[in-house]
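The values are calculated or read from the model by the stated rules, or taken from the named source; none is laboratory data. What you see is a predicted model; the values in this text were computed from it and never measured. All Cβ positions, even for glycine, are placed from backbone atoms using ideal geometry, and neighbour counts span all protein chains on display. In case anyone asks, the SASA skips ligands and DNA or RNA and just uses the protein heavy atoms, side chains included. Shrake-Rupley method; radii C 1.70, N 1.55, O 1.52, S 1.80 Å.
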Amino acid sequence: RAKRDGRGIHCFFEAALDQRLMQRRTLERDLRMAIERGELHLAYQPQCDTRTREMVSAEALLRWNHPQRGAVSPAEFVPLAEESGFIRPLGRWVLETACAEAAKWPIPCRVAVNISPAQFRQPDLLAVIAQVLERSGLPPQRLKMEVTEGLLIGETERALTLLRALKDMGIALSLDDFGTGYSSLSYLRRFPFDEIKIDQSFVRGLGQDVESAAIVEAVLALSRSLGMIVVAEGVETEQQLEILRSRNCPRVQGYLLGRPVPSADLFRSRSAELVPEAVSQPAAPA
Ligand code: C2E
Ligand code: MG
Ligand code: MG
Ligand code: MG
């Protein structure tokens, strides 16, 4: 019946589309209120030295606890915020919160903050970052910015100027999700990245298919000759870690080394590894 009644099908899709649009608008509206209502927080995931497993930095990941829907994934609401322009106040909140929390950490680890393309196009981004750093008291050397290739396409001149300015401030630059986008190798030559993050899709294939291992090896070789650090994302198994260690991949991040946790738990859960004596010794004054 559906096949004959083309109109019915059409209406069905239209209704479904309307519903999706409605849901989007509702979510967007809720997101605007989420900051004021305290529904957002940051979770931090350790980025570790591959050999010692010691945490050297941590990535700030946005979390939204929606009053009705529960945990909403950033993979869902960050793109929405990007399209609506709300990413700017949201991104500022992330930056302020990450810097303020990292300034209180017991160990001067770096904090990595994700910056989306729309935020990057914000004309006063540099001023905002400088202001946030100053207010939080976090030295710029303790901040790292993770950007994706999408940001480098098109506006290359402006992007280059901005990235250089950030680097001059002492902020480290990381190229996120490497290998998934356009991956023009010329980006690595043109832009002053300190670090490349190999996307988790390649890490997942380690020990499974030869192609993933070949790509990981190639990125490692490339980064070595360009003087960049590599972080392998999404390390979940000892086998993956072992392969990365045997290939001299300097840094790893993933559930195996630590899941994203609130700032207060980041050092608590890892205290035994950071300070081996911590368990048997009384806590040192802060
Ligand atoms: P991303 O920057 O590539 O972050 C890595 C994602 O992989 C995170 O997902 C993290 O929780 C997840 N992950 C880490 N280790 C593992 C693992 O071993 N296995 C698996 N399966 N996943 C792992 P999350 O937190 O859901 O974030 C998704 C994306 O949302 C991020 O990808 C980033 O693009 C975006 N995002 C998150 N927070 C922010 C933010 O504050 N600002 C902006 N602009 N984007 C953000
Ligand atoms: Mg990231
Ligand atoms: Mg990534
Ligand atoms: Mg990603």
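Overview of values
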| read-out | value |
| --- | --- |
| Test for Phe267: is it within 30 Å of Ala100 (Cα to Cα) and of a type outside the set (Val, Ile, Thr) | yes |
| Long-range neighbours under 7 Å by Cβ, at least six apart or interchain, first residue on the phi > 0 side of the Ramachandran plot within the stretch 152-176, second part of a helix (DSSP H, G or I) and surrounded by fewer than 14 Cβ atoms within 10 Å (Cβ to Cβ) | Gly170/Gln141 |
| Filtered residues of the stretch 141-162 (kept if buried (at least 17 other Cβ atoms within 10 Å of the Cβ) and either more than 16 Å from ligand 2 (Cβ to nearest atom) or aliphatic (A, V, I, L, M) (or both)) | Arg142, Leu143, Met145, Val147, Leu151, Leu152, Ala159, Leu162 |
| Pairs with Cβ under 7 Å, 6+ apart, first in the stretch 12-31 and open to solvent by 60 Å² or more (accessible area, probe 1.4 Å), second at pLDDT 85 or above | Arg24/Leu80 |
| Hits in the stretch 39-79 (condition: polar (S, T, N, Q) and more than 15 Å from ligand 3 (Cβ to nearest atom)) | Thr50, Thr52, Asn65, Gln68 |
| Segments classed as strands (runs of 3 or more DSSP E), wholly inside the stretch 163-269, with at least 1 members that are modelled with pLDDT of 95 or more and open to solvent by 30 Å² or more (accessible area, probe 1.4 Å) | 229-232 |
| Any hit, the stretch 100-114, residues being over 20 Å from Gln253 (Cα atoms), free of Cβ contacts under 8 Å to residues at least 60 places away in the same chain and open to solvent by less than 10 Å² (accessible area, probe 1.4 Å) | no |
| Any hit, the stretch 133-140, residues being open to solvent by 70 Å² or more (accessible area, probe 1.4 Å), without any contact (Cβ under 8 Å) to a residue 24 or more places away in the chain, over 28 Å from Pro89 (Cβ atoms) and more than 16 Å from ligand 4 (Cβ to nearest atom) | no |
